[in-house]
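What follows is a single structure, written as structure tokens, with notes after it.
The values are calculated or read from the model by the stated rules, or taken from the named source; none is laboratory data. Just so we're clear, the structure is a prediction, and the values are computed from it rather than from any experiment. Don't worry about glycine lacking a Cβ; one is built from the backbone with ideal geometry, like all the others, and counts go over all protein chains shown.
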């Protein structure tokens, strides 16, 4: 079992075995014809299930927010790399042929720029 604090109250997540034991307890109550206790049990089980659903929704929302932050981070990194490659490529275009022997080949930056552009487009599609 996992304890979880929510609004300053401790809530207990029901384990996998607990629903089975609750079902057995409800069957026993019905056999005994103790319908008041059965109604209380139904309310308790329903409340636990609603709480669990609420926690699942909260976890999904938190995960969604984390995914958005992660994708935004990736997008920013890709954009920075893309801009850097463009600057390097533009600097290579404006440099003279005598200094180009010390810089890496232009084709390398052209290929990298195209790859980064492709990744950038994919990141935008994922973001949408």
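Among the residues in segment 22-38, are any within 30 Å of residue 115 (Cα to Cα) and surrounded by 11 or more Cβ atoms within 10 Å (Cβ to Cβ)? No, segment 22-38 contains no residue that is within 30 Å of residue 115 (Cα to Cα) and surrounded by 11 or more Cβ atoms within 10 Å (Cβ to Cβ). In summary, residue 92 fulfils each of the numbered conditions (1) over 30 Å from residue 23 (Cβ atoms); (2) modelled with pLDDT of 85 or more with the single exception of condition (2).
Determine whether segment 44-51 contains at least one residue that is under 22 Å from residue 22 (Cβ atoms), surrounded by 12 or more Cβ atoms within 10 Å (Cβ to Cβ), at pLDDT below 80 and touching a helix residue (DSSP H, G or I) at 6+ places or on another chain (Cβ under 6 Å). No, segment 44-51 has no match at all.
Looking only at segment 68-79, decide whether some residue is over 21 Å from the mean Cα position of the chain (by Cα), surrounded by 10 or more Cβ atoms within 10 Å (Cβ to Cβ) and at pLDDT 75 or above. Looking for residues that are over 21 Å from the mean Cα position of the chain (by Cα), surrounded by 10 or more Cβ atoms within 10 Å (Cβ to Cβ) and at pLDDT 75 or above, one finds at least one in segment 68-79, hence yes.
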